[in-house]
Number of protein chains: 2
Amino acid sequence: MSRSFKILSAKAAAQLDKELMSTGAFSIDQLMELAGLAVAKAIYAEYPPRHKQTQNSPLQKILVLVGPGNNGGDGLVAARHLRTWGAYDPVLYYPKRSTHNQLYANLVKQLQELGVKEISTLEEIKSLLSKEGEVGVILDALFGFSFKPPVRDPFKDVIAFLSTHHHELPPIVSVDIPSGWDVDEGPTDVDINASMLISLSAPKPCAERFVNSGPDKKHYLGGRFISPAIAKKYGIEDILDKYKGDELITKL
Amino acid sequence: MSRSFKILSAKAAAQLDKELMSTGAFSIDQLMELAGLAVAKAIYAEYPPRHKQTQNSPLQKILVLVGPGNNGGDGLVAARHLRTWGAYDPVLYYPKRSTHNQLYANLVKQLQELGVKEISTLEEIKSLLSKEGEVGVILDALFGFSFKPPVRDPFKDVIAFLSTHHHELPPIVSVDIPSGWDVDEGPTDVDINASMLISLSAPKPCAERFVNSGPDKKHYLGGRFISPAIAKKYGIEDILDKYKGDELITKL
C-alpha cells in the first residue's frame, strides 16, 4: 500500500524536538500544551462525548494511562482539556513519576484542581473497565518515540492485559506510538490493538504499520507548530499542507 | 441594556491570574499559549483570510501592535499561529521590550523563524497602512487589564494616530481591553475605535461599554482554562457555559 504521508524516524524525531527547543525557541511547556490539546481535539472529533441523560448525570470516563516521559505529559494535558470542556471525566493511572520534574507535577496539580481521580494498580484498572459503559475511551500515553522494547514493570502487566482483552475494551487511543511497539519496526510480542493513533509533529515509521493493520484504524495528525524552514530540513513539507484553515488536527 | 455576561474587575482579574499560577499550577508559558491561540482563532473566525489569487500570491498582512507586558505576549503568540496556519503574514511593531524576560524573547524568535518582519516607527506604520488592501487586520495587543491611563511614549502617537484615522483603517481587534481605555471606566480622551474585542478568561468591566458603543461591535471570549472551582470563587460560573463542545473561543 502506498503511503500518503512523509514519516520521521525515531532519530529524526528526537532531533526535531531538540531543534524546536533550540533554533525554534519553544519551551517544553508550550509544545506539550499544543500537543496535548491536539490529542484532546482528536479524541473529541473521533469519539465525541455521549449525550448526557440529565443535567446531573455523570460524564463518561476516560482512562488515561500516563507514562514516565513526555508522552505521558501530553496525556496529562489532553486529560485536562477534555475535563475542562466537560467532555470526559479522566481517571489517571500514573504509576511511575519523576519527583524532580516540576512541569509534570504541575500538570497533575491542574488535574487535581478539576477533581480528577487517580488509581494506581492493575486491579483498579480491571475493576474500572469491568463496569459496562463507564469508560468511553482508553488513552494510551505510556510510551513515545524514544521507547525501546521490551516493556518493563510496572507497565508490563497493564500492556499484557490490554493486549489480551482489547476485544472487550473501549477503544484505545495512542499518542504518537501504540505503546509497546517499536517506533521504527512496529508491533513486538505485545500489541494493545489501538483503534486510533495521533501522530504528533509528523508520523513515525510505525504509523504506516498501524494504518495497514486493519480497515478501521483511525489516524490523526496534530502538533501544528513546525515552521516551513524546519519542515523542509526534515523532508516533511507535505505535512504542513495536510491541515486546512485554522484546524489544530487533521484526519489522515 | 442588560448584560449577558458576568464581569471581572481589574483587581479580580489580577487576583485570578495569580491564582491560576499558584493554586492552578499553570505556567505563564501555558496560559499565554492558550490565550494567544484563542486570539488567533477569534481573528480567523471573524476575519477569515482573503482567498489567494494564485498559489504564489502573498498573504494579506496583519499589523501586530505589541505592548511591553502580557497583553503583548498574547499578541506575539496569536501572530505565530496565524502565520503557521498560512492565514496572515504578521508585521510586528514592538518598540518597548523587556531585555530580561526570556519568554518574550523566545516568542519573538519563534516569529523570526517564520520569517516575520518588524517595523519600529510610526512612519513605517503609516506607510504600511497607506497601501490599499495590504493589511487586513490591525491587532491591538498593547495594553491589558493592568493599564492605567494616560498612554505614555512611545505608544502615545500610535494610539493618537489610530484614534484619528480609524475610519480609513482596516478593522482593529483588541486583546482583552481596547488599548487606551481604562479597564473599569472605559474610553478616556483617546479611543482607537476597535471593531472587535477578545475578552480573555472573562470580560472586564469596560467590555460592556465596548458592546454598547456601536451596533457592529464584535465580542469574543477566549482562554478556556478556568476550573469550575475558581470560576465559582470569582462569581463567573456562567462564563464556563458560554463555550460549546470543544471550542476554544465563543462569540458573545
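In the protein assembly as shown, what percentage of the DSSP-assigned beta bridges are antiparallel, given to the nearest 5?
Just about 15 percent of them are antiparallel.
How large is the direction-averaged shadow of the alpha-carbon convex hull of the stretch A:1-49, in nm²?
5.1
Compute the Cα gyration tensor for chain A, then decide on rounded, prolate or oblate, letting a ≥ b ≥ c be the square roots of its eigenvalues: rounded whenever a/c is under 1.5, prolate when a/b is larger than b/c in the other cases, and oblate in all that remain.
rounded
Taking the convex hull of the Cα atoms, report for the stretch A:184-248 its projected area averaged over all directions, in nm².
5.1
In terms of Cα to Cα distance under 17 Å, which lysines are near enough to B:Lys204, apart from those fewer than 8 places away along the same chain?
In chain and number order, the partners are B:Lys6, B:Lys11, B:Lys18, B:Lys148, B:Lys217, B:Lys218, B:Lys232, B:Lys233, B:Lys242, B:Lys251.
For chain A, give the magnitude of the charge dipole about the Cα centre (Cβ charges: +1 Lys/Arg, -1 Asp/Glu; no others), in debye to the nearest 20.
340
In percent, what relative contact order does chain B have, based on Cα pairs under 8 Å that are 6 or more apart in sequence?
Relative CO of chain B lands at 22 percent.
Within the set of other residues whose C-beta is less than 14 Å from the C-beta of A:Pro150, count the net charge using Lys and Arg as +1 and Asp and Glu as -1.
Net charge in that neighbourhood comes out at -3.
Run the label-point distances for B:Ser4 please: 7 Å along Cα to Cβ, every other copy, nanometres, shortest first.
Result for B:Ser4, in nm, nearest copy first: 4.0.
Please sort A:75-83, A:187-195 by packing, taking for each peptide the average over its residues of neighbouring beta carbons within 10 angstrom, highest first.
A:75-83, A:187-195
For the stretch A:182-252, what is the percent of antiparallel DSSP beta bridges, rounded to the nearest 5?
Rounded to the nearest five, the antiparallel share is 45 percent.
Run the dipole for the stretch A:1-98 about the Cα centre, Lys and Arg Cβ at +1, Asp and Glu Cβ at -1, nothing else charged, and hand back the magnitude in debye, nearest 20.
Approximately 260 debye in magnitude.
Express in whole angstrom the spacing between the alpha-carbon centres of the stretch B:53-102 and the stretch B:162-237.
A separation of 19 Å, based on Cα centres.
Add +1 for every Lys or Arg and -1 for every Asp or Glu among the other residues with Cβ under 11 Å from the Cβ of B:Leu8, and state the total.
Once all neighbours under 11 Å are counted, the net charge is 0.
What number, in nm² with one decimal, is the all-direction average of the projected area of the convex hull of the alpha-carbon atoms of the protein assembly as shown?
24.0
Could you tell me which residue out of B:Gln30, B:Gly86, B:Pro49 lies farthest along the dipole of the stretch B:1-133 toward its positive end? Charges go on the beta carbon: Lys and Arg +1, Asp and Glu -1, centred on the Cα centre.
B:Pro49
Which FRET efficiency, nearest 0.05, do A:Met21 and B:Lys117 yield, Cβ-Cβ r, R0 30 Å?
Efficiency for this residue pair is about 0.80.
In whole Hz and in residue order, list the ³J(HN,Hα) couplings for the stretch B:39-50 that follow from phi through the Karplus curve 6.51 cos²θ - 1.76 cosθ + 1.60, θ = phi - 60°; x for Gly and Pro.
For the stretch B:39-50, the Karplus-derived couplings read 4, 4, 4, 5, 5, 4, 5, 8, 10, x, x, 5 Hz, x marking Gly and Pro.
If a/c stays under 1.5 just call it rounded; otherwise compare a/b with b/c (prolate if a/b is bigger, oblate if not). Do that for the stretch B:52-111, with a ≥ b ≥ c from the square roots of the Cα gyration tensor eigenvalues.
Verdict is prolate for the stretch B:52-111.
Just counting partner chain Cβ atoms within 10 Å, what average do the residues of peptide B:22-29 show around their Cβ?
6
Spelling out what I want: for every residue of the stretch A:117-123, take phi, set θ = phi - 60°, compute 6.51 cos²θ - 1.76 cosθ + 1.60 (Karplus), and round to whole Hz; glycine and proline get x.
9, 10, 10, 9, 10, 4, 4
How would you classify the stretch A:51-159 from its alpha-carbon gyration tensor, with a ≥ b ≥ c the square roots of the eigenvalues: rounded for a/c under 1.5, else prolate if a/b is greater than b/c, otherwise oblate?
Cα axes put the stretch A:51-159 in the oblate bin.
Using only alpha-carbon positions, what ratio does the radius of gyration of the stretch B:110-210 give when scaled by 2.2 N^0.38 Å?
Its radius of gyration relative to the 2.2 N^0.38 Å reference: 1.10.
Between copies, how close do the B:Thr121 label points come, placed 7 Å along Cα→Cβ, listed in nm from shortest?
Label-point distances to the other copies, shortest first: 7.4 nm.
Would you calculate, for chain B, the mean residue ellipticity at 222 nm contributed by helices, counting each DSSP H stretch of 4 or more residues as -39,500 (n - 2.57) and dividing by all residues, to the nearest 500?
Here the helix-only value at 222 nm equals -11000 deg cm²/dmol.
So which residue of B has the beta-carbon closest to the axis that swings B onto A, and how many whole Å away?
So the chain B residue sitting closest to the axis is B:Asp29, 2.
How far apart, in nm, are the 7 Å Cα→Cβ label points at A:His165 and A:Leu252?
Rounded to a tenth, the inter-label distance reads 3.1 nm.
Excluding B:Ile119 itself, calculate the net charge of residues whose Cβ lies under 12 Å from the Cβ of B:Ile119, where each Lys or Arg counts +1 and each Asp or Glu counts -1.
0
Please compute, for peptide A:30-36, the average count of beta-carbon atoms on other protein chains lying within 10 Å of each residue's beta-carbon.
Partner-chain Cβ atoms within 10 Å, mean over residues of A:30-36: 5.
Report the antiparallel proportion of the DSSP beta bridges in the stretch A:107-252 as a percent, rounded to a multiple of 5.
For the stretch A:107-252, the DSSP antiparallel bridge percentage is about 25.
With only alpha-carbon atoms in the gyration tensor, what are the semi-axes of the equivalent ellipsoid for the stretch A:1-99, in Å, largest first?
Output for the stretch A:1-99: semi-axes of 30, 18, 13 Å.
For the stretch B:126-140, just list the computed ³J(HN,Hα) in residue order, Karplus coefficients 6.51, -1.76 and 1.60, θ = phi - 60°, integers in Hz, with x standing in for Gly and Pro.
With the stated coefficients, the stretch B:126-140 comes to 4, 5, 4, 6, 6, 7, 3, x, 5, 9, x, 8, 10, 9, 8 Hz.
With labels modelled as points extended 7 Å from the Cα through the Cβ direction, what inter-label distance (nm, one decimal) is found for A:Lys148 paired with B:Ile28?
The answer from the label model is 4.0 nm.
For peptide A:101-113, how many partner chain Cβ atoms fall within 10 Å of a residue's Cβ, on average?
3
What are the label-to-label distances in nm, one decimal and shortest first, from B:Ser22 to the same spot in the other copies, with labels 7 Å along Cα to Cβ?
3.9
Each reported figure results from applying straightforward, stated rules to the coordinates on display, with no laboratory input. Everything numeric in this text was worked out from a predicted model, so none of it was measured. Note that each Cβ is placed from the backbone with ideal geometry, even for glycine, and that neighbours are counted across all protein chains shown.
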